[in-house]
1. Two decimals is fine: what is log10 I(q)/I(0) at q = 0.11, 0.14, 0.25, 0.27 Å⁻¹ for the stretch 83-160, from a Debye sum with one equal scatterer on every Cα and no solvent?
2. Seen from all sides and averaged, what is the projected area of the convex hull of the Cα atoms in the stretch 27-169, in nm²?
3. To the nearest 0.05, how large is the calculated FRET efficiency for A148 and S67 if R₀ is 22 Å and r is the Cβ-Cβ distance?
4. Want the number for D56 to Q160: 0.36 nm per residue separation, take away the alpha-carbon distance, what's left?
5. Would you work out what percent of the accessible area of the stretch 86-136, with all protein chains in place, is carbon or sulfur (probe 1.4 Å)?
6. Cα centroid distance between the stretch 153-169 and the stretch 111-135, in Å?
7. What accessible area per residue, rounded to a whole number of Å², is obtained for the stretch 50-169 using a probe radius of 1.4 Å?
8. Give, in nm to one decimal, the length gained when the segment between A133 and K46 is fully stretched (0.36 nm per residue of separation minus the Cα-Cα distance).
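The values are calculated or read from the model by the stated rules, or taken from the named source; none is laboratory data. As the structure is a computational prediction, the values presented were derived from the model and not from experiment. All Cβ positions, even for glycine, are placed from backbone atoms using ideal geometry, and neighbour counts span all protein chains on display. In case anyone asks, the SASA skips ligands and DNA or RNA and just uses the protein heavy atoms, side chains included. Shrake-Rupley method; radii C 1.70, N 1.55, O 1.52, S 1.80 Å.
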Amino acid sequence: LQGSGHTLRRPFSLSAPTSSPDSIVFETDASPWGIGAVLYVHGVPKAWFAQEVLDDDTDCLCIDKGSHRAQQTLEALSVVVALREFPSRWVHGRAAVYVRGDNLAMLALVSQFKGASGPLNALARELALEMVAASFPQVFAEHIPGAANVWPDTLSRRHQPGKAWTLPE
């Protein structure tokens, strides 16, 4: 609008909206032995998974199963798997998709579609491909304290060696 005497102004917010009851929410977590997630639709838990870290995962992502050094990568893997596990719940919907977790590296990957290492960048690309394939690819990342991430944490530890496991109530 140069020379018109008017200034183009746009309101903006520096914070992402918080999830609403109409949202699709994935709460995810990872442990050195597994990944887990809970899917909420309209604020109600609808589905979950608890998967062991597979040899294919360790080979493809160049990580060691059972190692704390793999934590960031497994946290990111949990999001990609969650989105792929339940596509019918979110791909063609009109509600915003929220990813919640207690890992800041994973949340940064979700919000910026890039990671700090080769395996994280590979998972960021996979996440971006999931968003492109969706008809409404609006995704937000929300941090929740580790102590509040009870269900996904318990699910991610299902395959922990030497520990008895029960499904969260």
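1. Log10 I(q)/I(0), no solvent term: -0.32, -0.52, -1.25, -1.26.
2. Taking the Cα atoms of the stretch 27-169, their convex hull projects to 8.1 nm² on average.
3. So the FRET efficiency works out to roughly 0.30.
4. 35.6 nm is the gain from fully extending D56 to Q160.
5. Its accessible area is 58 percent carbon and sulfur atoms.
6. 28 Å
7. 54 Å²
8. Extra length available between A133 and K46 comes to 29.1 nm.
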